[in-house]
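Asks: My questions all concern the structure below.
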Amino acid sequence: MALELPIYMDYHATTPVDPRVLEAMLPYFTKRFGNAASRSHRFGWEAEEAVGAAREQVAALIGAEKPEEIVFTSGASESNNLALKGAAEFYAERGNHIVTTKVEHKAVLDTCKNLEKHGWQVTYLDVDPQGLVSVESVAAALTDKTVLVSVMLANNEVGSIQPIAAIGALCKERGVLFHVDAVQGIGKTDFDVRAMGVDLASITAHKIYGPKGVGALYVRRSKPRVRLAAQIDGGGHERGMRSGTLNAPSIVGFGKACDILRHGWREEAARLAGMRDRLARHLTSSLDHVFLNGPALDSGKRLPNNLNLSFAYVEGEGLMMAIKDVAVSSGSACTSASLEPSYVLRAIGVDEELAHTSIRFGLGRFNTDEEVDYVGDLVVNKVKKLRDLSPLYEMAREGIDLKSIQWAAH
Amino acid sequence: MAYNDKVIDHTENPRNVGTLDKEDPNVGTGLVGAPACGDVMRLQIRVGDGGVIEDAKFKTFGCGSAIASSSLATEWLKGRTLDEAERIKNTDIVTELNLPPVKIHCSVLAEDAIKSAIDDFRKKQASRRAQG
């Protein structure tokens with residue numbers, strides 16, 4: 001099969017809708033368009049039934065005890081907001097302290113910042129050079145005022161898989177609620193809310209080959225029964241936790257996407273790891289001064305599809321432009337609105353210089369070995385070309401210690 | 001934000017990439033920026049007897065706009081007198097390359113590199129005269 005350009009290797013950002021998912025969704029836009037809250041006619045019943053089936057599919061993927069524990073939302077940002085603000089508001093009499101990490105997604109970090117304005121204390125835990133938080137540091141941060149611990153399942157930039165089960169056990173023991181932002185991990189690594197002692201979990205469809213604009217919050221119903229203060233008031237949908245007419249077509253697609261993963265994610269994860277390792281070998285054997293950011297590829301602590309490399313002496317955005325037929329992302333300042341390099345790379349101790357040279361490859365369901373080889377060749381070729389253009393590479397080769405130079409910061 | 005054609009052209013076919021002998025008394029070198037900020041430009045000029053820039057070379061670590069700004073600067077420098085070269089403004093580069101606001105600092109850096117190279121050349125000449 002001929003290679004088609006551009007090539008998408010940014011599956012941490014979003015994924016295309018799987019054709020099987022789209023097929024499942026289509027009837028719910030036109031023929032079966034009913035409002036799942038309409039109790040008085042067939043259109044409503046049909047939609048309600050479809051939403052119910054999807055609820056079961058989502059629940060099954062994450063090991064929820066009952067489908068009713070799934071609250072549909074507009075996506076993981078909303079789920080994270082609902083989990084943190086909803087729990088903070090409902091359990092305010094229990095305390096005023098939240099524990100999280102420095103490498104969470106902005107939807108968690110910014111929600112925490114917002115809660116701090118309302119009198120909450122938040123501990124942002126450091127992570128190690130692999131991006132991992134230690135259970136001991138979580139334990140040490142807990143106080144008698146701690147209401148909630150929020151830790152992501154896997155990091156979106158460097159793929160670190162956090163020790164969720166151990167933190168879950170700790171939280172159970174200490175009687176603290178445990179929220180997991182599971183967006184990047186589900187379908188790529190083990191995740192089971194019951195086995196891991198998770199009370200609240202945020203997930204989204206568009207990272208697992210479902211549509212954008214739909215997600216869910218898992219809210220445990222027993223041992224303990226978790227309550228939340230609703231953040232959107234209205235018709236009392238979703239057990240009163242999230243009002244708003246259900247987005248039935250997208251929810252059906254979300255369910256289908258979960259069902260596909262449940263029946264084959266281990267095989268898919270193994271295939272992705274194979275392609276990822278092949279790309280890594282290709283790049284590191286053909287180029288010098290390439291550094292892996294995050295956990296070792298064979299550590300079992302890294303998402304199977306994640307590869308984050310720093311190509312020293314070549315700025316990330318410059319490289320992305322040179323490989324513009326390949327969609328990847330960079331921790332370079334130039335790609336962010338803030339002009340600050342990635343806070344995740346900074347948190348794991350990557351030098352600012354190297355953070356500017358980082359590229360994140362995120363492999364996914366529709367990538368092929370041919371694409372991996374093409375991307376490998378292209379990146380090698382362009383890194384060499386850009387190093388010929390780089391005054392830093394020339395200076396490094398002349399033996400000049402770049403750190404000894406007085407650079408004028410600008 | 002899509003890249004514009006002129007920036008792409010300069011990054012795919014950068015003009016005047018290379019290194020001049022920085023010990024040559026007729027060469028001025030400007031090294032500006034910082035690796036920790038994500039862009040470093042080295043711009044060099046070789047000045048002939050009449051004060052005319054005979055050759056200009058650059059190497060840049062940075063994004064596409066930084067590479068394009070310095071590549072364009074070398075094109076503009078060749079054949080100009082030092083006084084003319086000094087009058088190149090970052091806004092001229094912004095206009096020519098159609099840089100968006102978030103990339104204006106790349107053009108500022110290129111202007112700094114030009115000024116720094118001219119400065120370096122003049123200092124060398126002055127110290128030679130002082131010695132001679």
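Asks: What do you reckon, is A:Pro163 surrounded by 17 or more Cβ atoms within 10 Å (Cβ to Cβ) and at pLDDT 95 or above?
Replies: Working: surrounded by 17 or more Cβ atoms within 10 Å (Cβ to Cβ): yes; at pLDDT 95 or above: yes.
Yes; evaluated as a whole, the condition is true for this residue.
Asks: Ok, one more. Which one of these is closer than 19 Å to A:Ala229 by Cα and either within 17 Å of the chain's Cα centre (by Cα) or surrounded by 17 or more Cβ atoms within 10 Å (Cβ to Cβ) (or both): A:Lys106, A:Lys85, A:Lys113?
Replies: Testing whether each residue is closer than 19 Å to A:Ala229 by Cα and either within 17 Å of the chain's Cα centre (by Cα) or surrounded by 17 or more Cβ atoms within 10 Å (Cβ to Cβ) (or both) leaves just A:Lys85.
Asks: Here's something else I'd like to know. Give all pairs with beta carbons closer than 6 Å in which a residue from the stretch A:265-288 that is among the hydroxyl-bearing types (Ser, Thr, Tyr) and at pLDDT 95 or above meets a residue that is surrounded by 15 or more Cβ atoms within 10 Å (Cβ to Cβ) and part of a helix (DSSP H, G or I); count only pairs at least 6 apart in sequence or on separate chains.
Replies: Here the result reads A:Ser286/A:Val380, each pair linking the stretch A:265-288 to a residue that is surrounded by 15 or more Cβ atoms within 10 Å (Cβ to Cβ) and part of a helix (DSSP H, G or I).
Asks: For the list (1) surrounded by 19 or more Cβ atoms within 10 Å (Cβ to Cβ); (2) more than 20 Å from A:Asp377 (Cα to Cα); (3) out of contact with any helix residue (DSSP H, G or I) (no Cβ under 6 Å at 6 or more places or on another chain), I need the number of the one condition that A:Ala273 fails.
Replies: Looking at each condition in turn, A:Ala273 falls short on (2).
Asks: Next question. Mind counting the residues in the stretch B:12-29 that are touching a residue at least 60 places away in the same chain (Cβ under 8 Å) and on the phi < 0 side of the Ramachandran plot?
Replies: 6
Asks: Does B:Ala110 satisfy being touching a Leu at 6+ places or on another chain (Cβ under 7 Å), modelled with pLDDT of 95 or more and closer than 23 Å to B:Gly48 by Cα?
Replies: no
Asks: If we scan the stretch A:169-179, do we find a residue that is part of a helix (DSSP H, G or I) and buried (at least 23 other Cβ atoms within 10 Å of the Cβ)? If you could, list the steps in order and put the result at the bottom.
Replies: As a first pass, look at the stretch A:169-179 and keep what is part of a helix (DSSP H, G or I): A:169-174.
From what's left, buried (at least 23 other Cβ atoms within 10 Å of the Cβ): A:171.
Looking through the stretch A:169-179, at least one residue is part of a helix (DSSP H, G or I) and buried (at least 23 other Cβ atoms within 10 Å of the Cβ).
Asks: Here are the criteria: (1) assigned to a helix (DSSP H, G or I); (2) within 21 Å of A:Ile161 (Cα to Cα). Tell me which single one A:Asn114 does not satisfy.
Replies: Every listed condition holds for A:Asn114 apart from (2).
Asks: So which residues in the stretch A:205-260 are assigned to a helix (DSSP H, G or I), of a type in the set (Asp, Glu) and farther than 21 Å from A:Gly44 by Cα?
Replies: Matches in the stretch A:205-260: A:Asp259 only.
Asks: For the stretch A:280-398, which fully contained helices (runs of 4 or more DSSP H) count at least 1 residues that are within 14 Å of chain B (Cβ to nearest Cβ) and in contact with a Leu (Cβ under 7 Å, 6 or more places away or on another chain)?
Replies: In the stretch A:280-398, A:316-322, A:352-355, A:369-388, A:391-397 are the helices (runs of 4 or more DSSP H) which contain 1 or more residues that are within 14 Å of chain B (Cβ to nearest Cβ) and in contact with a Leu (Cβ under 7 Å, 6 or more places away or on another chain).
The values are calculated or read from the model by the stated rules, or taken from the named source; none is laboratory data. Because the structure is a prediction, the values reported are computed rather than measured. Note: ideal-geometry Cβ built from the backbone for every residue, glycine included; neighbour counts use all protein chains shown.
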